[in-house]
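A short write-up of the structure that comes next.
The values are calculated or read from the model by the stated rules, or taken from the named source; none is laboratory data. Keep in mind that what you see is a predicted model, and the values were worked out from it rather than measured. Counting neighbours? That spans all protein chains shown, and the Cβs are built from the backbone with ideal geometry, glycine included.
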Amino acid sequence: MACQDDWFKHFGERALDYFGRTTQPKKMEEHNSWRKTRRWGYGDNDDRYIFYNMCTGEERNITEQQYDDDNYTLNT
């Protein structure tokens, strides 16, 4: 951990300036807590691809192509 501490002492301010400083806490709410996930099945074709809401536990099925598409988002 000493190397990590040394790095942060030397580069920490620059990293915070580059990535941005958080001045307000980020809140997870129903509208912004959707995540793409994969439910593994037992057979070759038993996997399910879903959007999962981490606040409400709601699941919405999506296709494998939608899961693999990094630009695909859920329109709620």
task = Filter segment 25-50 down to the residues that are in contact (Cβ under 8 Å) with a residue 24 or more places away in the chain and among the basic types (Lys, Arg), then identify the one that is surrounded by the most Cβ atoms within 10 Å (Cβ to Cβ).
result = Lys36
request  = Out of Arg14, Arg39, report the one residue that is on the phi < 0 side of the Ramachandran plot and in contact with a Lys or Arg (Cβ under 7 Å, 6 or more places away or on another chain).
outcome  = Arg39
inquiry  = Checking the condition at pLDDT below 90 and either closer than 16 Å to Leu74 by Cα or hydroxyl-bearing (Ser, Thr, Tyr) (or both), which residue from Glu29, Glu58 passes?
reply    = Glu29
